[in-house]
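The values are calculated or read from the model by the stated rules, or taken from the named source; none is laboratory data. Predicted model, so just to flag it, every value in this text is computed and none were measured. Because the Cβ atoms are built from the backbone with ideal geometry, glycine has one as well, and the counts that use them run over all protein chains shown.
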Amino acid sequence: MEFKTRAAIFWRSFLMQALWSPATMQNLGLLYALEPALDRLYPKLDERRDAAMRHLSYFNTNPYMAGFVCGFVARLEETADEDRIEKLKKAMGAALAAVGDASVWGSLQPACAGFAFLAAVAAWSFDFQHAALVCSLMYLLLFNAPTLWMRWRGIALGYDLGETLPVVMQEWRWQEKARWVRYGGLACALAAPLYLIVREIGFVGPRAIFPAAGIAAVVLLRRWGFSSLSIYGLCLFAALGWRGVSSLL
């Protein structure tokens with residue numbers, strides 16, 4: 001795929017959900033993103049119109065995985081027939097939606113928030129004046145760096161791999177990597193309140209019961225079926241609450 005076409009698809013993919021509708025979900029957004037590729041493949045207006053009509057049916061995927069779908073569909077437009085394009089597009093969109101929801105929404109985003117909050121707590125403890133601003137920028141950097149790479153690189157991978165993309169993506173072990181990212185985020189979320197407790201009251205003698213109780217509470221919450229995201233929220237709430245109470249004492 002030419003760089004110009006790839007760049008145009010990349011920028012347009014940010015508007016994938018701008019034309020979202022309950023009936024057809026992201027079909028217009030996908031068509032808008034694919035338009036540069038369709039213009040290159042179908043110079044005649046009638047052919048381009050027919051190709052565009054194929055993509056007006058229902059379509060939905062995770063927006064951060066849109067690059068993979070766009071590259072994948074662009075390759076199918078060159079090699080596959082109309083029925084096969086439609087079937088594979090929907091199947092790939094659904095599969096990537098599951099991968100993206102688990103890896104981006106369920107793992108990367110809360111992990112980045114947990115790390116940024118831990119950094120903010122540490123910065124506040126040293127009275128760093130611009131802690132909130134720096135940690136907000138840190139969160140944006142940690143979250144957007146990998147997702148922007150996925151958007152850009154996904155177009156090339158989807159186009160180059162074509163119908164072998166699902167097989168190759170299975171070899172990347174998304175679920176295993178997402179699980180480790182969640183663990184990292186959970187560790188950061190736990191470290192924030194524990195750091196405040198240790199800093200304020202120490203970790204010696206009877207006072208050690210507080211950090212130990214915090215760890216035990218997290219373990220119990222997981223065993224009782226609480227999601228990682230819920231535990232993140234509780235840990236952040238506990239850290240903020242402890243910070244507020246300690247500042248009043």
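Beta carbons closer than 7 Å, at least 6 apart along the sequence or on distinct chains, pair a first residue in region 145-163 that is polar (S, T, N, Q) with a second that is buried (at least 18 other Cβ atoms within 10 Å of the Cβ) and part of a helix (DSSP H, G or I) for Thr147/Tyr64; Thr147/Val104.
Any residue at all in region 42-56 that's within 16 Å of the chain's Cα centre (by Cα) and on the phi < 0 side of the Ramachandran plot? Give the steps one after another, and end with the answer.
Filtering region 42-56 down to residues within 16 Å of the chain's Cα centre (by Cα) leaves none.
No, region 42-56 has no match at all.
Considering each of Ala156, Ala116 in turn, give the residue that is under 24 Å from Ala187 (Cβ atoms) and not hydroxyl-bearing (Ser, Thr, Tyr).
After ruling out the rest, the residue left standing is Ala116.
In region 173-199, the residue that is surrounded by the most Cβ atoms within 10 Å (Cβ to Cβ) out of those that are modelled with pLDDT under 80 and β-branched (Val, Ile, Thr) is Ile197. Mind listing whichever residues of region 7-38 are at pLDDT 90 or above, surrounded by fewer than 20 Cβ atoms within 10 Å (Cβ to Cβ) and more than 17 Å from Ser57 (Cβ to Cβ)? Once the filter is applied, which keeps residues that are at pLDDT 90 or above, surrounded by fewer than 20 Cβ atoms within 10 Å (Cβ to Cβ) and more than 17 Å from Ser57 (Cβ to Cβ), region 7-38 yields Ala7, Ala8, Trp11, Phe14.
One residue is enough: does region 90-112 have a residue meeting the conditions more than 21 Å from the chain's Cα centre (by Cα) and not β-branched (Val, Ile, Thr)? Checked against the condition, which is being more than 21 Å from the chain's Cα centre (by Cα) and not β-branched (Val, Ile, Thr), region 90-112 yields no hits at all.
Here Gln170 passes the criteria (1) modelled with pLDDT of 80 or more; (2) loosely packed, with under 13 Cβ neighbours inside 10 Å; (3) polar (S, T, N, Q) except the one numbered (1).
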